[in-house]
Amino acid sequence: MPSTRPRVLSGIQPTAGSFHLGNYLGAVRQWVALQESHDAFYMVVDLHAITVPQDPVELRANTRLAAAQLLAAGLDPERCTLFVQSHVPEHAQLAWIMNCLAGFGEASRMTQFKDKSAKHGAGNATVGLFTYPILQVADILLYQANQVPVGEDQRQHIELTRDLADRFNGRFGETFTVPEPYILKETAKIYDLQDPSIKMSKSASTPKGLINLLDDPKTTAKKVKSAVTDTDTVIKYDTENKPGVSNLLSIYSTLTGKAIAELEAEYEGKMYGALKTDLAEVMVEFVTPFRTRTQQYLDDPETLDSLLAKGAEKARAVAAETLATAYDKVGLLPAKH
Ligand code: ATP
Ligand code: LTN
């Protein structure tokens with residue numbers, strides 16, 4: 001029976017072995033919550049990963065590893081549809097239609113493309129990296145998603161999705177749902193623990209500021225304890241003047257469910273060291289079972305693969321229907337069966 005719940009869709013790249021705390025707090029945590037109230041589709045976006053060079057053996061391993069981590073974080077294949085993007089060929093097919101609708105200028109304005117292409121050396125970026133946001137547009141529109149749970153860095157891509165959905169609907173008639181971003185203010189951007197002016201990212205310049213969920217818990221504790229704060233001593237949420245402390249408070253608050261004001265009161269008159277020691281403990285308690293569960297899924301690749309196959313089958317049923325409508329609206333001649 002088709003679900004009457006609103007639909008959400010999101011994706012994560014299998015580009016690094018471990019998810020980091022920003023991925024979890026900014027996105028995956030919301031995915032887990034939304035599977036209870038929404039018709040949820042979540043995928044490992046391997047086609048997006050190859051927009052920058054990937055080792056084939058590592059890519060395959062990292063795709064399974066990403067799926068295992070999503071399950072370890074709490075995604076339940078009975079409650080959501082979990083799949084691998086390349087298992088559903090309609091993504092690449094709708095992306096072509098969207099490529100033919102998007103303007104070169106508008107694609108050129110995508111800040112993530114500008115950042116990533118600069119990182120790889122301006123002349124070395126692939127056409128795939130340039131058109132990466134358009135593939136993301138196709139990902140979202142194929143499922144007629146109402147909301148897209150992501151971190152702040154993805155807002156511009158959701159805006160592009162809205163623009164292209166409107167453009168297609170205007171030109172060819174009502175076809176696509178225009179989606180909304182689902183970005184929680186408190187965790188929209190988790191910052192690097194060594195440089196709280198930049199977002200936590202797997203491509204951070206130093207690994208010390210990056211909390212990988214699959215790190216050895218001792219390493220995690222050490223990174224929290226050496227987080228950069230400021231020369232003041234007051235534990236207060238003030239992103240302008242105390243970005244480091246504010247970041248730690250956001251992380252602490254989200255992981256424990258305690259309000260920031262409650263934490264400020266609890267730590268009044270205490271030193272930064274006390275906050276860091278306690279947060280390190282909270283973090284270790286979180287990552288230790290996460291690592292164990294991830295390993296359990298990896299130890300049984302057959303079950304993992306068959307679970308992903310079932311997810312792809314469910315996803316394809318929805319994606320194929322949307323693609324057929326889009327092909328028809330555009331005027332492509334249907335093949336005779
Ligand atoms: P990179 O490390 O290169 O920035 P990434 O960590 O963003 O890549 P993705 O697979 O592109 O990896 O992102 C998965 C999700 O995690 C996205 O929804 C993204 O917005 C979110 N995310 C990533 N970093 C952060 C962060 N520091 N704070 C909040 N959300 C984040
Ligand atoms: N571009 C996103 C990953 C992504 C995605 C999507 C997110 C690919 N397709 C569809 C939401 C919906 C990123 O870099 N985090």
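List, in the order given, every pair from Lys114/Lys225; Lys116/Lys236; Lys119/Lys258; Lys185/Lys329; Lys218/Lys258 whose Cα-Cα distance in the structure shown is over 32 Å. Going by Cα-Cα distance, Lys114/Lys225; Lys116/Lys236; Lys119/Lys258; Lys185/Lys329 fall outside the 32 Å limit. Sorted fewest first by neighbouring Cβ atoms within 10 angstrom, Trp31, Trp96 come out as Trp96, Trp31. Taking the inverse of the mean 1/r over every pair of distinct Cα atoms in the stretch 1-95 gives a Kirkwood hydrodynamic radius of 13.9 Å. With K and R counted +1 and D and E -1, the other residues having a Cβ less than 10 Å from that of Thr187 yield a net charge of +1. Cβ crowding within 10 Å, taken as a proxy for footprinting-reagent exposure, orders Phe104, Phe130 from fewest neighbours to most as Phe104, Phe130. Percentage of Cα-Cα pair distances in the stretch 65-190 greater than 27 Å, rounded to whole percent? That tail contains 23 percent of the Cα-Cα pairs.
GNM remark for the chain: springs join alpha carbons under 10 Å apart, and the peak mean-square fluctuation among Thr81, Thr229, Thr15 falls on Thr229. Plugging the Kirkwood radius over Cα pairs into Stokes-Einstein for the stretch 233-282, at a temperature of 4 °C and a viscosity of 1.567 mPa s, what D comes out in µm²/s? It diffuses with D of about 122 µm²/s by this estimate. The P(r) of the stretch 116-167 has a tail past 18 Å containing 38 percent of all C-alpha pairs. The H on the amide N of Leu101, modeled in the peptide plane, is under 5 Å from the matching H of no residue at least 5 residues off or on a different chain. Its Cα centre serving as origin, the chain has a Cβ charge dipole (Lys and Arg +1, Asp and Glu -1) of approximately 480 debye. Its DSSP H runs of at least 4 residues, each contributing -39,500 (n - 2.57), put the calculated 222 nm mean residue ellipticity of the chain at -16500 deg cm²/dmol, to the nearest 500.
How fast does the stretch 137-192 diffuse by Stokes-Einstein, in µm²/s, taking the Kirkwood radius from C-alpha pairs at 25 °C and 0.890 mPa s? Here the translational diffusion coefficient equals 207 µm²/s.
A viscosity of 1.567 mPa s and a temperature of 4 °C, combined with the Kirkwood radius over C-alpha pairs in the Stokes-Einstein formula, give the stretch 79-130 a diffusion coefficient of 99 µm²/s. For the chain, the longest piece that avoids every one of the GluC sites (Glu not before Pro) found in DSSP loops with at most 15 other C-beta atoms within 10 Å covers 79-173. Within the stretch 249-337, the trypsin sites (Lys or Arg not before Pro) that combine a DSSP coil assignment with at most 11 other C-beta atoms in a 10 angstrom radius are Lys336. The smallest convex shape that holds all Cα atoms of the chain, its convex hull, gives 154 Å³ per residue.
Where a number appears in this text, it was derived from the coordinates with a stated rule and is not lab data. It should be emphasised that the depicted structure is a prediction, and the values quoted were computed from it without experimental measurement. No Cβ is skipped: glycine too gets one built from the backbone with ideal geometry, and neighbour counts run over all protein chains shown.
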